[in-house]
Structures are given as C-alpha cells and as structure tokens.
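The next block holds one structure in the form of structure tokens; read it before the comments.
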Amino acid sequence: MSKKVLKGFAIFVLTMISGMITSNAFAGDDATDVPTLYERLGAWDGINKIVHDTLALHRKNPTVAHYFSDIDDEQFSAHVTAFFAAGTGGPSRYEGRDMTSAHAALNLSEADFDSAIADVLAAVSGNGVSAEAQAEVAAILESLRPAVMGTSGP
C-alpha cells in the first residue's frame, strides 16, 4: 500500500474511533443507564411532593397567592403532577389543556411568572434534588414562558 493510502486509512480509522468514543458506543455506555429527569426528581411520588410543596409556597407568596385561593387542591395537584411527570421523561402522557389555554384567562404579568417559577424551584431544591436537575427544571420552566404568557417567544 502506498503512504498516501495508508495515511488516508489511518485518518479514517482515527475519525471512526473518535466518533465511537464521543457517542459512547466504543466505551460501552448505554444511554438507558442514564436516569431521566423524572427519575432524578423521585418519579411520580417525588414530583407529586414537589407539586404539593409548590402549591403551599404559592399560597404564601403575596405576588401569586390570589391565583390559588379558589382552586381544588387535589385536581390542581393531579393535573400539574401529570404535566410535570410527562414533561420530565415519565411514562405517563399528559392529557390536560395546553399551557396557553390553561393560563390565558389569568392575565399573568412577567413578575407573576417569575415569582411562580421561584416557588417551583424552591420546592425542587427543598426536596433534595441535585443542582444539575434543578437547572434542567429551570430550563424547562423557562421554555414554557411564551406559552404560559401567551407570547410568541423571546
């Protein structure tokens, strides 16, 4: 074989090995071994606890408490837990209203949204969730801002 062919083959092999290592195929790591956010939040029971704790924080929060004065706690918790579970990789499917229609009549302000998110994140933190998982939850919640606020996005 010529040096040019050997050099080309060597580059090809190195590229393939690099790609395999990057994708964890060569290392033998299985993507199914990585727990989902749902699992890292404590699965259904953990998420349900976070939702109940969030509702308690909302009720004490002067910025958003008035939105939660006349709701059915169990129905609210069931809907939010199902939404949260489905959105974090859980096995269930959320079948409730979309975020835009669920929040349209509330006429939320940006301050309301920010305050509510702070309550959710405090509840997540208070339940011993890792900083990495907290950051993922924060990113998911922020991604919902346009739908909840009824805007087209950033």
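Give me the net charge of Arg40's neighbourhood, meaning all other residues with Cβ under 15 Å from the Cβ of Arg40; Lys, Arg count +1, Asp, Glu -1. Kindly include the intermediate steps, with their values, before the conclusion.
Details: positive: Lys49; negative: Asp33, Glu39, Asp45, Glu132, Glu136.
Net charge around Arg40: -4.
In square nanometres and to one decimal, what's the mean projected area of the convex hull around the Cα atoms of region 69-154? It would help to have the intermediate numbers written out before the result.
Working: hull surface 25.5 nm².
That works out to 6.4 nm², a quarter of the Cα hull's surface.
Counting Lys and Arg as +1 and Asp and Glu as -1, each charge on the Cβ, what is the dipole of region 35-149 about the Cα centre in debye, to the nearest 20?
Details: 7 positive and 16 negative charges, 15 e Å.
For this selection, approximately 80 debye.
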>> Distance between the C-alpha centers of region 85-138 and region 50-69? Whole Å please.
In response: 13 Å
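Tell me, what is the percent relative contact order of region 77-154, built from C-alpha pairs under 8 Å that lie six or more residues apart? Walk me through the intermediate numbers first.
Values: 44 pairs, mean separation 25.2, N = 78.
32 percent.
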> Points 7 angstrom from Cα along the Cβ direction at Ala56 and Arg93: gap in nanometres?
Replying inline: 3.4 nm
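Where a number appears in this text, it was derived from the coordinates with a stated rule and is not lab data. Only a predicted model underlies this, so the values are computations on that prediction, with no experimental measurement involved. Positions of Cβ are generated from backbone atoms using ideal geometry, with glycine treated the same way; all protein chains shown enter the neighbour counts.
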